[in-house]
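In what follows, a structure is listed as structure tokens, so that the remarks can point back to it.
Derivation of every value follows stated rules applied to the coordinates shown; laboratory data play no part. Predicted model only: the values in this text are computed from it and were never measured. As a convention, Cβ positions derive from the backbone with ideal geometry for all residues, glycine included, and neighbour counts pool all protein chains shown.
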Amino acid sequence: MSGIGKTSRIKSLWVTYYVTGCGGIELLPVITSRFDAERFGIITSATPRQSDVLVVSGFLTTKTLRRIIRTYEQMPDPKYVVALGACTINGGIYWDSYSTADKLELYIPVDVYIAGCMPRPESIFMGFAHLMAMIKGDKADGWKRYHENYKWYKKNQDKALGNSKKWRVRDV
Amino acid sequence: MLTIALYFAGSIITYFTKKASAIIAFIFAVLANIAFVFTKPLNFHLANFNLNFSLTPLSYIFGIIILTLASFVMFCYPNTKERQYYPLFLLSLTGISIILLSNNFLSFFFGWELMSVSSFFLIYNNKDRKAGLLYLVASAVGAYGILMGISVVYAKTGSILFTSFSQNLNLFSRREIVYLIFLFGAGFGVKAALMPLHIWAPDGYREARDPFTAFFSGGLSKLGIYGFLLLLFVFIGTDRFATFHITKWTLAWLGGLTAFLGGFYAIFQTDIKRLLAFSSISQMGYAITALSLSTSLGVTASLYTVLSHALFKGILFITAASVILRTGKHSFDELGGLVKNMPLTFIVSVFAVIGLNGVPPMGGFPAKWLVYEGLIKAHYPGLIALMFAASTTAFLYSYRFIHGVFFGKRMPSLKNIKEAPFVNILSSTILMLALLFIGMFPGWVVDFFSPAIKFLGFKVMVHTFGTLSTPLGNFNGFLVGIVFIIAGLFATIVSLFFSRKMRVSSIDTYSSGEALTEETPYHYSSNFYLFIQRDFSGFLRLSARKFYFSIARFIENSAQGLRRIYTGNGQVYIWYVIIVWIGLIIGFLYKGGFK
Amino acid sequence: MTWAILMPFILMFAGLLYMGFARKIHARIQKRYGPPFYQNIYDVIKLFSKREAAFHGGMFHFGPVLSLTGIIMALMFLPVGGKPLFSFQGDLFVLLYLAVIAPWGMALGAGNAENPLASVGIARALTLMLGYEIPFFIGIIPIVVRTHTTQIVEIIQLQQINGWNVILFPISALASIIALHAMLGNKPFDQPIAPHEIASGPLVEYGGKYLGILQLYQAGAILLSTGIYVDLFFGGASNVWMFFLKTFLIYFVLLLIGEVLPRFRIGDALKFFWKWPLGIALLGLLVAVLGGVR
Amino acid sequence: MYEDLKKDIQGKFPAKFEVIRERRIKVSIDKNSVLPFLSYIKSKGFIHLISISCVDWIKENEFEIVYHLWSYTDEIHIMLKTRISRKKPIFETASEIYPVAQTFEREIHEMFGVDFKGNKRQIPFILEDWDDIPPMRKDFDPLKYAKSHFETEEYTEEVWTKVRKIQKFRGEE
């Protein structure tokens, strides 16, 4: 990856905050004056088409997970996923619920996990810093993994969410 | 004279041929078009009127513009299978060639009537009788105006020749000339759809047979401008007309109002051809304002507007014709997303719309530029603002047209619409290339107009091959065209590298995660400018058409009142006679009896 | 001549810096640090270095191309400053109509994006244009009619002699500056690309290189609009730095005004423009005409 | 405490009236006279139907449907309870009296499988493409469903040692 291209990717991360659960409250101070993510070039983007990072913050009900996957597929490459909170790591307190999926890892490739039941803004910034380091080291290749073993991801998605034309529009 | 004969013969022959009427009509049109250029003056007597026909430089220009556009439209694929389409089309062309070639009032009026009647039959259909009848009544009113004008002139000068009228102009007092301008102006105003006389135009254009509307708006409405030019500068003469300040002022502001209101109404139309009709009314308003300045800049601007309007309106109406031919739908609410099915038609209409808006590389800009320069020179500061407002409305309604027909998500019902017929695309592409040419070489166009401008008695403006220059400023069309091409090439190259194309289907657009299906109507097109409509609904309710119909109703009611007096049975009338008789006696006695 | 070729790219680069300063000022007003002023340059480079960009069809691709062409052409004809004025000899109307190609290109491209949000965005943009274009032009008429020329270069030279037009026609200048505010698409008049209501309007489906081109167009449009205003009302500029100083000052003042005003509803924005700025502009025209503009 | 209300209700309907505490009354009634009771009580000022909930008495093989009513004038909260059979859970809708009941009944229909006769919108409500028995019933095992649909990582001893190693490495002991 050329130098200037990579630094510009690090210096300007446009984010789609997919607020599914209780993580949204932590994201507000991240964006606004208290912690101000914009000083690192991290701004919210209006549509997935314009964004590079998908932040999933909160539990993954089956209904929301279908929309998350569609939004992820609408984002142009190279794209990164930051998952906030315990619910995306291993189901969190909803681990045995009939309507929430447990590991986000099985459905879309996640680059950075930020542990916590909901992490505070400081740890969210550490997560972003970690993501930037991974981009610099060319390790943030979630989108490559999604293309390479899409079948595996598709199998998991069908198992949990059912494969119907009603929600899956595009086979990547 | 050969042209008239050829057109007339063509209309007769195409009536009888079934299959090949299209090709024969086209051949006759092209032959007549070529013959038009070589017409020799002709003079023949008819019941002690000597009818004089000759080709003046002004009619040469208008002939080239109108008749060539006619042959292009004749080349297109007719939407209607009716037998009388081509004969009537050629008949109206006969009328037009008679008007252009005639040098006397009688044949001028005959040609005018022939054109009106034949175009009426091409508009009239029993789906919407009112539109056709409205057109007939309006052109009849106009024709009577012209007829009265001719009779006044004949009474005064004793001969029906144009030259006789313009030579002994001093016979007419100033007031009579204003009446004449009013009379002739009404006739020509109806044809050019000037504002108070425009009510026939929107419905008339909508009901006209499809490819014919392209000629109807591109060519026929130019006869009104030709009439005005003839009236104001040939009959009355430039210097004489320059003294009529009030008429010049009213004509200019009438044209300005037509331009702005035509454009403003066009924004809210939902029917394709009604929108283009209002846009034609607005563009003709430009031409009339320009010619009413009675300066060399003004007349050149008017001729340029006529030429560029004929080209881009011809293209747009041909596009509308092919869209209606393929989909059978008229309104924007049912169309949308046709760019996938008809890409070539789309490209042509985008260039035509760029021309309509007057954006530099295309032909519309020099016309608008000359209008503005003329207005500044003629010290009309208020009118420039109105004309610029009119050109801003052009952006809105032209995008409404392109978006309504071609953009947005296509309904499943429009899935297998075929591309427009090849003939339509070919003729509109040639018109588009002509539009691009007159945009990049405005100097050449002014050269083409210069004999007519001199004939009208004006000095031709300073120009070289690619540039126009006026005392206020100059415009280098060639340079702008070249810079457009270079910048365009650079931008295309820039856009070809860098990111790859992520091909995405029409149901994969951003809908905040919801999955769309082919059937979901995820399309914004009807009530495109609702937020303007809501605020100006009061203003939009009043319309000239309602005004005229209220007058008509008022006359009808008052007529009802009269019926109470003329009851129609004998006794009442006898009573009236007796009463009058008694009144007379009393009056006589009161005056002093049998002294 | 060569300067005329290079100037558009310099102005676009400067436009990106202006947008960077605008974000910095915007942040400072909200008591936060805000990105470095050269942030927009990083954004554009990132957008161009994206590996993929959504593609909806031919016109979707050529929309941004047409807008980049339009903005390059318009900036080539914009007199920037200094002796050769770094531009082709442009007429005022030529420049005003060239400035329309770029938004027109974006509108055509976004229309092909098959997304109602984009269509609503364009309908709003055109309604807004109907609103601000007329007062802006009426504000210019007294200058053109008084100086008897539509060549911008001559208007600039005349201003050096008998004073800036903002002093000669203060009322028209006021009307035009309000209209300029909307031309720049700043805060109270950013309905067409309102991110919260219609997901950034026409840009909803644009990503990657297309969005990069449109960012360049927006940067160029800032310089173009403020440049026209400076050339007509603030006496052009003797050299390029003075041009940048003057344009940035106007941009900065309008930015501050914009910060405190919430976004209008689009219908109210049109009504606002046809009530106050149009009234002021007509008043200015009347004053100029009565003042012997003949 | 609410003697007059009690006499009034027990005069008209064969209902068991019990005052739990101030402003909280429990009324148990037979399922056939629920609708007349509701229309009567509504005319008495209990205009606000707060919600309808359902309790699954699996041992007695019955569903218990509870109507929570509130009166703004007397400020009393009545819990109207009635029992319907669990095998054939059919009941009539209260949406004619309280229009808001339609949505409550729709949710109970989805979560418990109770069919409300006359409810015009008994369509899926929260669950999308649900293929199992109504999930709020006691005989539904969410853990088994979760395990069969969504894989999750068991926190075995071996996983814990890995986590502790990472924490020591990061010095967060």
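General remarks:
- Centre separation in Å (Cα based) which lies between region A:45-115 and region B:242-271: 60
- Where both bridge residues fall in the protein assembly as shown, DSSP classifies roughly 60% of the beta bridges as antiparallel.
- Against chain C, whose longest principal axis comes from its Cα atoms, helix C:58-76 is set at around 30 degrees.
- With both labels modelled 7 Å from their Cα along Cα-to-Cβ, the B:Thr238 to C:Trp164 distance reads 4.3 nm.
- Largest to smallest principal axis extent of the C-alpha atoms in region B:543-590, angstrom: 56, 27, 7
- Relative contact order [Cα under 8 Å, 6+ residues apart], region D:44-173, whole percent: 16
- The modelled label-to-label distance for the pair B:Thr520/B:Phe110, using points 7 Å beyond Cα in the direction of Cβ, is 6.8 nm.
- Helix-only arithmetic for chain A: the sum of -39500 (n - 2.57) across DSSP H runs with n ≥ 4, divided by the residue total, places the mean residue ellipticity at 222 nm at -12000 deg cm²/dmol.
- Tilt relative to chain D, helix D:3-12 - C-alpha long axis, 0 to 90 degrees, to 10: 80
- Rounded, prolate or oblate (a/c below 1.5 giving rounded, otherwise prolate when a/b exceeds b/c) for region B:1-55 by Cα gyration tensor: oblate
- Among the trypsin sites (Lys or Arg not before Pro) within region B:418-521, those in coil by DSSP and having at most 11 neighbouring Cβ atoms inside 10 Å are B:Lys418, B:Lys459.
- Taking a point 7 Å from the Cα of B:Gln533 along the Cα-to-Cβ direction, the residues of region B:318-356 with backbone N closer than 20 Å to it are B:329-337.
- log₁₀ of I(q)/I(0) at q = 0.10, 0.17 Å⁻¹ - region B:246-498, Debye sum with one point per alpha carbon: -0.51, -1.24
- Beta bridges by DSSP in chain D, antiparallel share as percent, to the nearest 5: 75
- Chain B - mean residue ellipticity at 222 nm from DSSP helices (-39,500 (n - 2.57) per run, n ≥ 4, rounded to 500): -22500 deg cm²/dmol
- Listed from fewest to most Cβ neighbours within 10 Å, the set A:Cys117, D:Cys54 follows the order A:Cys117, D:Cys54.
- Here B:Ala20 and B:Val152 are evaluated by their C-beta separation; at R0 = 45 Å the FRET efficiency comes out at 0.40.
- Restricting the chymotrypsin sites (Phe, Trp or Tyr not before Pro) of region D:40-100 to loop positions (DSSP other than H, G, I, E, B) with no more than 11 neighbouring Cβ atoms within 10 Å leaves D:Tyr72.
- Restricting attention to region A:3-154, lysine pairs at least eight places apart or on different chains and with alpha-carbon atoms under 24 angstrom apart total 26.
- Over region C:106-197, the reciprocal of the mean inverse Cα-Cα separation, the Kirkwood hydrodynamic radius, stands at 15.2 Å.
- Relative contact order (percent, whole number), region B:177-287, Cα cutoff 8 Å, 6+ residue spacing: 36
- For a modelled paramagnetic label at A:Tyr150, 7 Å from Cα along Cα-to-Cβ, the residues of region C:52-69 in reach, with backbone nitrogen under 16 Å, are C:52-55.
- Debye intensity ratio I(q)/I(0), log10, the protein assembly as shown, q values 0.04, 0.07, 0.09 Å⁻¹ (C-alpha model): -0.32, -0.83, -1.13
- Across chain B, the volume of the C-alpha convex hull divided among the residues equals 232 Å³ per residue.
- Positive end of the dipole of the protein assembly as shown (Cβ unit charges, origin at the Cα centre): among C:Asn40, D:Ile84, D:Phe37, the Cα lying farthest that way belongs to D:Phe37.
- Taken over region B:144-274, the alpha-carbon convex hull comes to 109 cubic angstrom per residue.
- Using the Cβ-Cβ distance between D:Asn32 and D:Asp141 with R0 set to 41 Å, the FRET efficiency works out to roughly 0.75.
- Rg [Å, one decimal], Dmax [Å, integer] - region A:3-154, C-alpha atoms: 14.5, 47
- Number of partner chain Cβ atoms within 10 Å, mean per residue of C:65-71: 6
- Averaged over the residues of A:94-104, the number of partner chain Cβ atoms lying within 10 Å of the residue Cβ comes to 6.
- Descending semi-axes in whole angstrom, ellipsoid equivalent of region B:434-479, from the Cα gyration tensor: 19, 14, 6
- R0 of 25 Å, Cβ-Cβ distance D:Arg24-D:Asp4: FRET efficiency to nearest 0.05: 0.90
- Pairwise label distance in nanometres, B:Asn569 with B:Leu426, each label 7 Å out on the Cα-Cβ vector: 7.4
- Between 0 and 90 degrees, the angle of helix B:477-496 with respect to the longest Cα principal axis of chain B falls at about 40 degrees.
- Applying a threshold of 18 Å to the alpha-carbon distances of D:Lys6/D:Lys44; D:Lys42/D:Lys120; D:Lys6/D:Lys42; B:Lys273/B:Lys313 flags D:Lys42/D:Lys120 as lying beyond it.
- Paramagnetic label zone (point 7 Å from Cα along Cα-to-C-beta, C:Leu6; backbone N under 19 Å) in region C:231-255: C:238-245
- Contact order relative to length of chain B, as percent, for alpha carbon pairs under 8 angstrom and 6 or more apart: 12
- Evaluated at q = 0.17, 0.20 Å⁻¹: base-10 log I(q)/I(0), Debye formula over Cα of region D:3-143: -0.95, -1.23
- Neighbour cut-off at most 10 other Cβ (10 Å), DSSP loop, trypsin sites (Lys or Arg not before Pro), region D:95-148: D:Lys120
- Alpha carbon centroid spacing (whole Å) that separates region B:177-220 from region C:47-83: 42
- Measuring nothing but alpha carbons in region B:436-595 and taking Rh as the Kirkwood radius, the Rg to Rh ratio lands at 1.40.
- Counted over chain A, the DSSP beta bridges are approximately 10% antiparallel.
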